[in-house]
Structures are given as C-alpha cells and as structure tokens.
Amino acid sequence: MRQFTRIFLIETHGKGLYEFTPVLTRWLSECRPGSGLLTLFVRHTSASLLIQENADPDVRHDLETFLSRLVPEEDARYRHRLEGPDDMPAHIRAALTQTQLSIPVFDGGLVLGTWQGVYLYEHRRAGQRREVAAHLLTD
C-alpha cells in the first residue's frame, strides 16, 4: 500500500459552491494510483464539502436558496456573532452538511457519477482562504 497527502488551498469569493474536481484529478494523475480511497477533510468550521451535480448551475442555486431559508442569517436567536451576522449560520450549515468525504479510486481515477463534482461549500459572505486536506491510500 502507498499513501499520498496534500493540502489544497481554495480561495473563495463569498457564499457558494466551488468545484475543485479538476484539481483532484490532476493530483491523482501525478500520484498514479491504481485502486484505492481518497479521503478529503475541510479544516474549517464554516465551510463544508459536497459531491453535487456539476452540469446544471440551477442545482447549486436552488441548494443555496434552500439553505438560506433553512438557516437564515438575521435570526435574533443566535448568540454567537463574534465575526458578524453570518458567523453562526455558517457553523450551522457546516454541521448540516459534511466536513469529510471518502471517494473510491479505480484505475487511477475518481469513481464519480457522470454529473457529479467535488465542491467546497463556502458558508461565509466574505471571501476566505480554505484548506482541504487530502489523504490517498492506494495499492
């Protein structure tokens, strides 16, 4: 078994989904794995990771609209506002989504469906510099 690790830096420009599947694919081609498992972990409490459709941007828009209704920013019930009114809602969104993903790797490539992409989901209004830790275990 071989192991590879890397920290991916993803610059965001505010709320939304940022696809980084091509970055992962390039890194895999450098590692030249056979079959294995890729684990991704976002090192932040106000961002998350998703596997989501990458063909129709309306999917990402509808997801953002839904979560905005589910977790509104201007809610007097939030006590935690250390970094502004979007701070606690960002933490709640991260708790409702995922901070870690496991993706199978077969024949050197990610085993994703036809319309699936890997996304960092930024939950803060302001741009951020996010880190995603990757661990690849391969034969």
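Do the conditions hold for Gly34, that is, is it touching a Lys or Arg at 6+ places or on another chain (Cβ under 6 Å) and surrounded by fewer than 16 Cβ atoms within 10 Å (Cβ to Cβ)? Working first, answer last.
Values: touching a Lys or Arg at 6+ places or on another chain (Cβ under 6 Å): no; surrounded by fewer than 16 Cβ atoms within 10 Å (Cβ to Cβ): yes.
It is false that Gly34 is touching a Lys or Arg at 6+ places or on another chain (Cβ under 6 Å) and surrounded by fewer than 16 Cβ atoms within 10 Å (Cβ to Cβ).
I need the full set of residues from segment 1-46 which are part of a strand (DSSP E or B) and in contact with a His (Cβ under 6 Å, 6 or more places away or on another chain), in order please.
Step one: list which residues in segment 1-46 are part of a strand (DSSP E or B), which gives 2-11, 16-19, 36-42.
Across segment 1-46, the qualifying residues are Thr5, Thr39.
Considering each residue of segment 97-124, count those that are out of contact with any Lys or Arg (no Cβ under 6 Å at 6 or more places or on another chain), at negative phi and part of a loop (DSSP other than H, G, I, E, B), and give that number. I'd like the intermediate steps shown before the answer.
So in segment 97-124, the residues out of contact with any Lys or Arg (no Cβ under 6 Å at 6 or more places or on another chain) come out as 97-119, 121, 124.
Subsequent filtering for residues that are at negative phi retains 97-106, 109-119, 121, 124.
If we keep only those that are part of a loop (DSSP other than H, G, I, E, B) too, we end up with 97, 99, 111-115, 124.
Result for segment 97-124: 8.
Residue check, Gly113 against (1) more than 20 Å from Gln128 (Cα to Cα); (2) touching an Asp or Glu at 6+ places or on another chain (Cβ under 6 Å), all met but one. Which one?
(2)
Picking from Ala134, Ala94, which residue would you name as being surrounded by 13 or more Cβ atoms within 10 Å (Cβ to Cβ), in contact with a strand residue (DSSP E or B) (Cβ under 6 Å, 6 or more places away or on another chain), touching a residue at least 24 places away in the same chain (Cβ under 8 Å) and not in a strand (DSSP E or B)?
Numbers: Ala134 fails: not in a strand (DSSP E or B).
Going through Ala134, Ala94 in turn, just one is surrounded by 13 or more Cβ atoms within 10 Å (Cβ to Cβ), in contact with a strand residue (DSSP E or B) (Cβ under 6 Å, 6 or more places away or on another chain), touching a residue at least 24 places away in the same chain (Cβ under 8 Å) and not in a strand (DSSP E or B): Ala94.
If I ask for residues that are of a type outside the set (Asp, Glu), surrounded by 12 or more Cβ atoms within 10 Å (Cβ to Cβ) and on the phi < 0 side of the Ramachandran plot, which ones from segment 81-91 would you list?
To start, the set of residues in segment 81-91 that are of a type outside the set (Asp, Glu) comprises 81-82, 84-85, 88-91.
In the following step, the residues that additionally are surrounded by 12 or more Cβ atoms within 10 Å (Cβ to Cβ) were identified as 84-85, 88-91.
Result: Pro85, Met88, Pro89, Ala90, His91.
In segment 97-131, how many are touching a strand residue (DSSP E or B) at 6+ places or on another chain (Cβ under 8 Å) and either over 30 Å from Arg81 (Cβ atoms) or at pLDDT below 95 (or both)? Give the steps one after another, and end with the answer.
Pass one, segment 97-131, residues touching a strand residue (DSSP E or B) at 6+ places or on another chain (Cβ under 8 Å): 97-105, 110-112, 115-124, 127-131.
Within this subset, residues satisfying the condition of being either over 30 Å from Arg81 (Cβ atoms) or at pLDDT below 95 (or both) are 102-105, 110-112, 115-118.
Residues in segment 97-131 being touching a strand residue (DSSP E or B) at 6+ places or on another chain (Cβ under 8 Å) and either over 30 Å from Arg81 (Cβ atoms) or at pLDDT below 95 (or both): 11 in total.
The values are calculated or read from the model by the stated rules, or taken from the named source; none is laboratory data. Small disclaimer: the values here were computed from a predicted structure and weren't measured. Neighbour counts run over all protein chains shown; Cβ positions are idealised from the backbone, glycine included.
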